[in-house]
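Engineer: Quick one: the structure is below, questions incoming.
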Amino acid sequence: MTSSIKMDHNNIEKELGAPAATPFAQTYFHGTKADLKVGDLIEVGYSSNYGQQKNARYIFLTATLDAAIWGAELATGPGRERIYLVEPTGEIEDDPDLTDKKFPGNPTKSYRSKHPFRVVGEVTAWQGHPIEQLNAMKAHLEKLKEQGINSLND
């Protein structure tokens, strides 16, 4: 049985032209309002989902569904909130806005990268935060914006 799994894994790698995920690979999520398909790449250089919507220098992913839900709920622009399963194509690093400043040790498992993420699936059944909690977060972010704090690593 092990050899057939390995063979299937190798066939997937040949078809995609890149290493395929293994059953024990870390799962990563990306919350957004962008309408993407499996195989699409999420790349830097496009308008950010947040803040001042400048061309993003980094793209973000998380290993927790809760953080991805926040990403989807707080994303600006048209479209419905979506959460994608993604795999990084290059190095990732801790998101300094969440780890160094607010949550030492990265308990939110939030990361950033300058390398694309490949969409490998979509989480279609998830529950958003209670409206009171969402409104409180939006008010907090608006207060930071008024104070000139818009980092998101822009």
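All of the numbers you see were taken from the coordinates with simple rules; none came from a lab. Everything numeric in this text was worked out from a predicted model, so none of it was measured. Note that we place each Cβ from the backbone using ideal geometry, even for glycine, and neighbour counts take in every protein chain shown.
Engineer: Spin-label point model (7 Å from Cα, Cβ direction): what's the residue 57 to residue 89 distance in nm?
Structural biologist: 2.2 nm
Engineer: Which cross-chain or sequence-distant (5 or more) residues have an amide H under 5 Å from the amide H of residue 28, H modelled 1.01 Å from N in plane?
Structural biologist: 86
Engineer: Using label points projected 7 Å from each Cα along Cα→Cβ, tell me how many nm separate residue 135 and residue 80, to one decimal.
Structural biologist: Placing both labels 7 Å along Cα→Cβ, they lie 2.5 nm apart.
Engineer: Residues with amide H under 5 Å of residue 123's amide H, sequence separation 5 or more or different chain, H placed in the peptide plane at 1.01 Å from N; which?
Structural biologist: 83, 84, 85
Engineer: Would you kindly derive the ³J(HN,Hα) couplings of the range 25-38 from the backbone phi angles with the Karplus curve 6.51 cos²θ - 1.76 cosθ + 1.60 (θ = phi - 60°), listing them in order in whole Hz, with x for Gly and Pro?
Structural biologist: 6, 5, 8, 10, 10, 9, x, 6, 10, 6, 9, 10, 10, 4
Engineer: Eigenvalues of the Cα gyration tensor times 5, then square-rooted: what semi-axes does that give for the range 25-146, in whole angstrom, largest first?
Structural biologist: Values: eigenvalues 84, 58, 46 Å².
Square roots of five times the eigenvalues give 21, 17, 15 Å.
Engineer: Find the relative contact order for the range 25-146 and round it to a whole percent, using C-alpha pairs within less than 8 Å whose residues are 6+ positions apart. Don't skip to the end; give the middle numbers.
Structural biologist: Values: 233 pairs, mean separation 39.1, N = 122.
Computed over the range 25-146, the figure is 32 percent.
Engineer: Can you tell me the dipole magnitude for the range 25-146 around its Cα centre, using point charges on the Cβ only (Lys, Arg +1; Asp, Glu -1), in Debye to the nearest 20? Spell out each step's value before the answer.
Structural biologist: Working: 15 positive and 17 negative charges, 47 e Å.
Using Cβ point charges on Lys, Arg, Asp and Glu, the range 25-146 gives about 220 debye.
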